[in-house]
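Shown below is the structure under consideration.
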Amino acid sequence: MKADSGDNAARLRIAQDLDANFMVLGGAGTGKTTALVGRIVALVRSGAVPLREIAAITFTEAAAAELRQQVRQAIETAADAGDERMVAARGEIDDAAICTLHSFAQRILLEQYVDAGLPPGFDVLDDTADAADFEARWMRFADSLLEDPEAERALVLGFSVGLRHTDLAAVAWNLHTHWDRLEDGGLDYLGAARGCDTQWPLTDPTPVIDALERAVAAVDWCSDDEDKMAVHLRGSLTDGRALLSVARPDTLGVLQLLDTLPSFRCAHGRQDNWNGHIAEVRAACTEAEQTRLDLLDSVRRAVLGDLVARLAAFTLTAAEERRIEGRLTFHDLLVHARRLARSGGDSVAVLSRRYQRLLIDEFQDTDPIQVELAARLAAAVDGSADVSTVRPGGLFVVGDPKQSIYRFRRADIDLIERVSADIGSTVVLQQNFRSLPGIVEFVNVVFAEIFGDGTVPGQAPHHALHAGRPAAPGAGTGVGGGGGGPDGRTAVQLSFDGIDPPAPSRRRGAR
């Protein structure tokens, strides 16, 4: 099956409309990267820009190596045919900015290290070195934190309600890996508490005791001493009330009791044994439990408000120390490159002239930092971070929203939609060159059901694929090579004919 004329028209636009900015969407196997390579070749062949003024960026080292190889092959083929511009481009391939975004950020920081506030020849820490550097800094900070009298109350209260040293380290690591959000005001650490400024809540157990007494008093309604709810009231709730009643208010003992007592909730009890009051008794137990949790949460919020402020300060201090030392993490590269782009001035103008065209592959994996960096470098208006102000032909991105799997790295499917709207020109590639017609048919039916038409917020729409490969000799149109059922319908059509899927396996380990 051939792609429709719209698909052919899209590929022609990508190859020929070199002064337009594009968002190219397409499923797996539709030749998105091939289209990007073709655009690079077209740009060089047309004389619009030399290869050295093009930055082709992708997400992983493996993808960057493959992209560079495809560009090399395409340029060498054209150069062998005698194209003079391609002959010149062949000599620029090894130095071309065809790389991951982190490598591109490193490249522009090395070119403008003075304005970036970095020492020349700075080092980049790999993941292992990054973790080791963080661990060393964290151990020094943790020792100083434990010795800080201003942090004593927050630590003591925190450890009394279940906080662990490893919890603090985990929070610090998360702040470390996203420290740009502290710089951008994502956490109001500057206004957060600092020891004596913290409004520490009183830990008066009286509201919990009162709630327990109301619940325990309801045991008189029960006509069966063996009822599970009655056992719960006479056991856990009565014991909890007694322990809290003898504890002194606003002491660590109260906190430790509240944190370690078993849950006051109970869903047991037979209706017949409670003269119609079982719902009221369960509600009383739930009220007692919620009162306990609310008191603990008020303490935890105060503890976190104090300690997270300290962790945020530690994180930014460590980032500044790495900058001065010239020992940057991968994330540091992006943040400092964006800082440089935000600073404006001659250095940004030089970079904008140096990289006239930005082409980004696997755009579904891009996060807000990367989008802002690309927009600022390709902006027609100095200082603009708005994709809609990108100079004509300055930005070309390809991706597949359905393959967006890096939410934990702040890749966001909504970001693709916003950039697509700002670019203003989106084309969809639908011809699949990878799979046989039966597989493509199956994918179309299944994905149309799962993804829908894009009307659900945060859900990528399904675009039907067209098989670019012919069917295998003798194969039918249905999945599995058969010709379909007795009425001529394919296996895919039969499988969605109102038949429920089989129940999941009950074997051990089945998911």
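Among DSSP beta bridges whose residues both lie in the chain, state the antiparallel percentage, nearest 5.
5 percent
Something else: Toward the positive end of the charge dipole of region 37-189, about the Cα centre and with charges on Cβ (Lys, Arg +1; Asp, Glu -1), which of ALA56, VAL161, TRP138 goes farthest?
ALA56
Leaving out ligands and nucleic acids, note down the accessible area per residue over the chain with a 1.4 angstrom probe, in whole Å².
Computed with neighbouring chains in place, this is 50 Å² per residue.
Okay, next question. Rounded, prolate or oblate for region 314-402? Axes are the square roots of the Cα gyration tensor eigenvalues, ordered a ≥ b ≥ c, and the cut-off for rounded is a/c under 1.5.
oblate
Please report, in debye to the nearest 20, how large the charge dipole of the chain is about its Cα centre when each Lys and Arg carries +1 at its beta carbon and each Asp and Glu carries -1 there.
Roughly 1340 debye for the chain.
From the backbone phi of region 30-35, what are the Karplus-calculated ³J(HN,Hα) couplings (6.51 cos²θ - 1.76 cosθ + 1.60, θ = phi - 60°) in whole Hz, Gly and Pro given as x?
Taking θ as phi minus 60°, the curve returns 8, x, 5, 5, 4, 5 Hz for region 30-35.
I've got another one for you. Leaving ligands, DNA and RNA out of it, work out the accessible area of ARG11 with a 1.4 Å probe and give it in Å² to the nearest 10.
For ARG11, solvent-accessible area is about 60 Å².
How much of the accessible area of region 208-362, probe 1.4 Å, is carbon plus sulfur, in whole percent? List each step's numbers first, then the result.
Numbers: 3530 of 6920 Å².
Carbon and sulfur together cover 51 percent of it.
For the chain, what does the relative contact order come out to in percent, with C-alpha contacts under 8 Å and a separation of six or more?
The value is 24 percent.
Using amide H atoms built in the peptide plane, which far-off residues or other-chain residues are under 5 Å from GLN431 H to H?
The list, which skips near neighbours in sequence, is HIS466.
The values are calculated or read from the model by the stated rules, or taken from the named source; none is laboratory data. These numbers come from a predicted model, not from an experiment. Positions of Cβ are generated from backbone atoms using ideal geometry, with glycine treated the same way; all protein chains shown enter the neighbour counts. Areas reflect the complete protein model, heavy atoms only, side chains present, ligands, DNA and RNA absent. Shrake-Rupley method; radii C 1.70, N 1.55, O 1.52, S 1.80 Å.
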